[in-house]
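Worksheet for the structure shown next.
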Amino acid sequence: STDIADNVVDVVAGRIERLSPEAQVLLKLASCLGSTFHSDVLAATKGAWEDQDIIESSGVHFSTVTSVAEKEISVVLDVALRECMLEKVSQTQYKFSHDRIMQAAYSLIPKGRERDLLHYRIGHILWDMSKSTQVEEWLMFLAADQLNRGADCIKDAAERFSVAELNLQVAEEAISSGAFISAAGYLESSNDLLDSETKWDQNYDISLRLCNALVEAEYCRANFDRSICVAHDVLANTKSVQDALRTYFTLVHCYSSSGNYGDAIKMGFQVLAKLGEPFPKKPRQIHVVHEHFKTLHMLKGKSNEYLLNLSEMEDSNKIGAMRLMSSLWMDCVVSQSQEYLLLLTFRMVQISLRCGICAFSAVGFAVYGMVVCGGLNSLKKGYRFGPLALELLDKLNGTRECLPRVYIFAYCGIKHFRTPLHQCASPFLESYNIAMSTGDIEYALVSALHYCMFYYFSGMRLGPIERDMRAYCDQMQEYKQETSLLVCAAYRQCVLNLMGLSDNNVILTGDAMEQEEFRKTATESNNMQALTAIALLRMQLAYYFDETDLAKELLKESQGLGSAFKGTHWGVAQTFFEGLVSISIARETKVSVKKRSNLKVAKGSIKKMKNLVEGAACNCLHMYLLLKAEYSSLTSSKGVKSRYDSAISTASRAGFLNDKALSNELAGKFFLAKGDTEWASYYLTQAYESYVDWGAQAKADQLQRNYLELIKEAKEQRKNARGVYSRRKFSSVAASSHRRLDHLEIKSDRKSSIVSGSTASSTEEKRRSSDRTSSFVENKEWGW
């Protein structure tokens, strides 16, 4: 294929040589400018041919150059237009009809000094033009391109320095536009123009700007090895910690993006010590407890309004420390360095209270709220820090750099409790776009990951999110974001399994990943977040597809790993499925001791869910109701149906197609075990249709195979006039539960509950009384 391409270029070059000498000169010049060019720029660069060396080496007669200079450009280019070598884009803009034509014209310029000299001359002409304030900015980029291609002709040290400055200038412009690949090319050219042995001594300021930008640009295009190499050069030559701080930030990102969390954490804490914020080398529980109570004491009596009106932070070392701590927090989450994670959280809040607030204080308050809500299980006390972080972000104009981090912690750890889950997904698209434009690739793709996870757990249809997950996984692979890729690929494979697009429904192997290979990679890099995600998703699949023995193994694995998701909705899902699996195991266990042990785990899950619901966690109510229904199905037959109905109704109103389907399935199985095939048929048919609606075709197919006659019978009856279900209506107790989101169920568990004890005669009076006293109904974000 290369030979054919070369032959095509040779043939086209022969055609060009048959054109008039003036047309040949202009096509050669145009080929230097690129596939698209402007006639006024081409006219200005005609002077490049006036160099005597170029004329002599190219064999172009001086009279030809003079003729080109005298004739109208459009008249000469009309020849190439008639030969279909060029196309006219606008009044002054042309483009080559094909890349091979441009290559052919360029090949007619002899390689070596003549070609370099031509680019050098064109570059200087364009550079002079770009100094005019009325000329388009892109001309400066074009000038830098031409000078870089003729760099061998630049011998004078002062001129090399000037061209290096030009490259740095256009690179910084490219970075501000998010064009990091182009920026890296300009920065490398700038670096090559400076003497590597003397640049730091003779040109410290420009060398620092250049190398800092180069470290960032190489990181943004996932060239981590080159970024780290340049970073070490910077650290070896900088005069102060402040000068090196920008490179330290990027170096930490390089380590964490490539899965070296230990190196990222080690370097980060070394730099924090230099900035005046030392941490214990081997933190223990006593350090955490001390810092926790210190933070509580400092926050005592301070409202959100007080915190918003704190003075702004002025100490540059403290601001740098806050920025670095906001980056290290995610590394501690992924590697489950719990002590460091908590110490970072408390320190960020303490610095903000002691030294004033900055944009990164928003991150500090967000992670503190996440820790209080999840790690300390106090939703009521911690929730206020989510809105505080978002308000602080707006007040301090820290949107572009801090917004992705604040959104991740505020929505993943706080806002999701009281905001409908599907509404938590869209903010991550905004944070993804902002982070990509600023070059924060790590947090951009972490935002994309959380968008996919929120979408999956919110029960929206699987088809669209699978396509999004595929695109984001490709991007994570392109930018070498292994941390996010391991988790996102696991979720995508889980979706593919549910959709019936894998060979084995309970093994995460297929188009997105290979289960054992990914587990090995996650183990080697100590990516506890990925390991916990894989365990959770496998446990879900095992439960969905009735693989009780496998689910039992995965329950132990999940409990052994602990939770890398404390305070997040996926942590809630982990608790939910651990409870369901425990009840399922207890149902099949005949040994009383083992049965009691599993029921104890289930009761623990129910208790956690109840605490969340009482704290106004709106996305957990249907899970709590389903766990209660399942537990009651084992311990008593009284009121079980109303509990299943409440779980189904609540999940349906909240839009959780996945949990609506599961609740119907479990209700159907309960009635089938009781021998009530009529209700079993109804619920299983509802489950089948909900799974199909969700997009989980593999699960729907399994349900149809196992209960074909029941589902078929229900479908046939539904086609008839009124159907059998017109004779059997939901009990008034169940209907009341539907309207009141099972407030009475919670009330029965605790006398002084959050639910009103009103004994009003009408259902409407009961609902109003409950609304006035229920903490989660009072919450404005509760209603859908």
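The values are calculated or read from the model by the stated rules, or taken from the named source; none is laboratory data. Since the structure is predicted, the reported quantities are computational estimates derived from the model, not experimental observations. Here Cβ is always computed from backbone atoms with ideal geometry, including for glycine, and neighbour counts include all displayed protein chains. Note: areas computed on protein heavy atoms with side chains; ligands, DNA, RNA excluded. Shrake-Rupley method; radii C 1.70, N 1.55, O 1.52, S 1.80 Å.
Residues that are under 28 Å from the mean Cα position of the chain (by Cα) and among the aliphatic types (A, V, I, L, M) were ranked within the range 155-176; the one that is surrounded by the most Cβ atoms within 10 Å (Cβ to Cβ) is 171.
For the range 297-316, taking the residues that are free of Cβ contacts under 8 Å to residues at least 60 places away in the same chain and of a type in the set (Ser, Thr, Tyr), the one that is farthest from residue 391 (Cα to Cα) is identified as 311. Can you tell me which condition residue 585 does not meet? The list is (1) surrounded by 17 or more Cβ atoms within 10 Å (Cβ to Cβ); (2) outside any helix (DSSP H, G or I), and all the others hold. Every listed condition holds for residue 585 apart from (2). For the range 237-252: of the residues being hydrophobic (A, V, I, L, M, F, W, C) and open to solvent by less than 40 Å² (accessible area, probe 1.4 Å), which is nearest to residue 210 (Cα to Cα)? Per the stated criteria, the residue is 244. Taking the criterion of being open to solvent by 20 Å² or more (accessible area, probe 1.4 Å) and at pLDDT 80 or above, the residues of the range 35-73 that qualify are 35, 36, 38, 39, 40, 43, 44.
Tally up the residues in the range 309-337 that are surrounded by 14 or more Cβ atoms within 10 Å (Cβ to Cβ) and in a helix (DSSP H, G or I), please.
Count: 19.
Here is a yes/no grid of residues against (1) in a helix (DSSP H, G or I); (2) open to solvent by 20 Å² or more (accessible area, probe 1.4 Å); (3) not acidic (Asp, Glu):
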{"site": "144", "(1), (2), (3)": "yes, no, yes"}
{"site": "178", "(1), (2), (3)": "no, yes, yes"}
{"site": "195", "(1), (2), (3)": "no, yes, no"}
{"site": "206", "(1), (2), (3)": "yes, no, yes"}
{"site": "235", "(1), (2), (3)": "yes, yes, yes"}
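Can you confirm whether residue 228 is open to solvent by less than 50 Å² (accessible area, probe 1.4 Å) and either of a type in the set (Ser, Thr, Tyr) or within 30 Å of residue 158 (Cβ to Cβ) (or both)? Answer is no for this residue. For the range 643-661, the set of residues classified as within 20 Å of residue 698 (Cβ to Cβ) and among the aromatic types (Phe, Trp, Tyr) consists of 656 only. Does residue 389 count as under 19 Å from residue 569 (Cβ atoms) and at pLDDT 90 or above? It is true that residue 389 is under 19 Å from residue 569 (Cβ atoms) and at pLDDT 90 or above. Restricting attention to the range 440-462, and to residues there that are open to solvent by less than 10 Å² (accessible area, probe 1.4 Å) and not in a helix (DSSP H, G or I), which single residue is nearest to residue 330 (Cα to Cα)? The qualifying residue nearest to residue 330 (Cα to Cα) is 458.
Taking each residue of the range 374-394 that is assigned to a helix (DSSP H, G or I) and looking for partners that are among the aromatic types (Phe, Trp, Tyr) with beta-carbon atoms closer than 6 Å, six or more apart or interchain, yields 379/417; 385/365; 385/368; 388/365; 389/365. Taking the condition in a helix (DSSP H, G or I) and surrounded by 23 or more Cβ atoms within 10 Å (Cβ to Cβ), does residue 255 pass? In short, no. Can you tell me which residues in the range 516-542 are in contact with a helix residue (DSSP H, G or I) (Cβ under 9 Å, 6 or more places away or on another chain) and open to solvent by 10 Å² or more (accessible area, probe 1.4 Å)? Those that are in contact with a helix residue (DSSP H, G or I) (Cβ under 9 Å, 6 or more places away or on another chain) and open to solvent by 10 Å² or more (accessible area, probe 1.4 Å): 518, 519, 521, 523, 525, 526, 528, 529, 531, 538. On the given criteria, is residue 396 buried (at least 18 other Cβ atoms within 10 Å of the Cβ), over 21 Å from residue 289 (Cα atoms) and at pLDDT 90 or above? In short, no. Applying a threshold of 9 Å to beta carbon distances and a minimum spacing of six or more residues, or different chains, the list of pairs starting in the range 317-345 at a residue that is of a type in the set (Phe, Trp, Tyr) and ending at one that is outside any helix (DSSP H, G or I) reads 340/279; 340/283.
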